Number of protein chains: 2
Amino acid sequence: MHLIIDGFGANRQMLESEELIYDLLNHYPSQIGMTKVAPPQVFRYVGSKPEDWGVSGFVLIAESHISIHTFPERRYINIDIFSCKDFDSEQAIRELKDRFELAELKTYLLTRGLEYSHMETVGLKAI
Amino acid sequence: MHLIIDGFGANRQMLESEELIYDLLNHYPSQIGMTKVAPPQVFRYVGSKPEDWGVSGFVLIAESHISIHTFPERRYINIDIFSCKDFDSEQAIRELKDRFELAELKTYLLTRGLEYSHMETVGLKAI
């Protein structure tokens, strides 16, 4: 399953922190029963527009990954949790909403896998 | 935009090759007008079931990423191209279909961004 979260109105200080993003990517896989295959990679980048700077991070887990992209000036964040193993997506949404103090978020939950001969969107929800 | 591709019936030798996956992640961003912020990370992993081995890789690009997970025994591949900049998703689908000799694929194309106050699925198509 692939959980896609776009969060709005986040706590800006959280989005600015490379350490916080690294720590989340480093510890969250085991919290939801996944196994890292390498340490996270986290970078601060600066785009051509001043408001486009942010922190991007990624961790590979067995057969899948978690990625985060933050936009502190926009108080906006993209989070993807893609895993071949099932996890509690509702709990993940609650935890990440709390962690980044998201005012609003949009989520997709996709089923992806060989066993699904026809993929479909199983959920599209806003909390 | 976030292009999600699940490919079936792929060329097994392509899926087995860490070199090929690295090369794709290393060169594809510039092909579609994106800028890498770090070299790709590519790993071979082995799951608890023998058929679960494969190659996983990702590359961080400005504000976004490309990720690949392969399952050679299943001739199955997951590809995500997530970019804040627009790119030609139809062309990317054609190129990746050819590159991995995909017999069948399922794709999603999502709009993601602060400018979209309400995200929606803009395309769900099988080729």
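Points worth noting:
- Boolean, A:Ser64 is surrounded by 20 or more Cβ atoms within 10 Å (Cβ to Cβ), over 21 Å from B:Gly113 (Cα atoms), small (Gly, Ala, Ser) and under 13 Å from the mean Cα position of the chain (by Cα): yes
- Considering residues of region A:13-40 that are closer than 19 Å to B:Asp80 by Cα and modelled with pLDDT of 95 or more only, the residue nearest to the other protein chains (Cβ to nearest Cβ): A:Pro40
- Some residue of region B:68-75 being in contact with a Pro (Cβ under 8 Å, 6 or more places away or on another chain) and farther than 24 Å from A:Thr107 by Cα: yes
- Residue within region A:2-12 that is within 9 Å of chain B (Cβ to nearest Cβ), crowded, with 18+ Cβ neighbours inside 10 Å, in contact with a Phe, Trp or Tyr (Cβ under 7 Å, 6 or more places away or on another chain) and over 15 Å from A:Asn78 (Cα atoms) present: no
- Verdict on A:Val59 being facing chain B (nearest Cβ under 10 Å), among the aliphatic types (A, V, I, L, M) and either in contact with an Asp or Glu (Cβ under 6 Å, 6 or more places away or on another chain) or buried (at least 19 other Cβ atoms within 10 Å of the Cβ) (or both): yes
- Residue within region A:41-56 that is at pLDDT below 90 and touching a Leu at 6+ places or on another chain (Cβ under 9 Å) present: yes
- Matching entry among A:Asp52, A:Asp23, A:Asp88, A:Asp98 (being surrounded by fewer than 19 Cβ atoms within 10 Å (Cβ to Cβ), in contact with a Cys (Cβ under 9 Å, 6 or more places away or on another chain) and of a type in the set (D, E, K, R)): A:Asp52
- Qualifying residue in region A:30-46 (condition: of a type in the set (Phe, Trp, Tyr), surrounded by fewer than 20 Cβ atoms within 10 Å (Cβ to Cβ) and part of a loop (DSSP other than H, G, I, E, B)): no
- Look at (1) modelled with pLDDT under 95; (2) closer than 30 Å to A:Val55 by Cβ; (3) touching a Phe, Trp or Tyr at 6+ places or on another chain (Cβ under 8 Å) and you find that B:Thr107 fails only one, number (3).
- Close contacts from region B:67-84, counting a first residue that is within 9 Å of another protein chain (Cβ to nearest Cβ) and a second that is part of a strand (DSSP E or B) and among the charged types (D, E, K, R), with Cβ to Cβ under 7 Å and a gap of 6+ residues or different chains, come to B:Ser67/B:Asp80; B:Asn78/B:Asp6.
The values are calculated or read from the model by the stated rules, or taken from the named source; none is laboratory data. Model, not experiment: these values are computed from the prediction. Cβ coordinates were reconstructed from backbone atoms using ideal geometry, including for glycine residues, and neighbour counts include every protein chain displayed.
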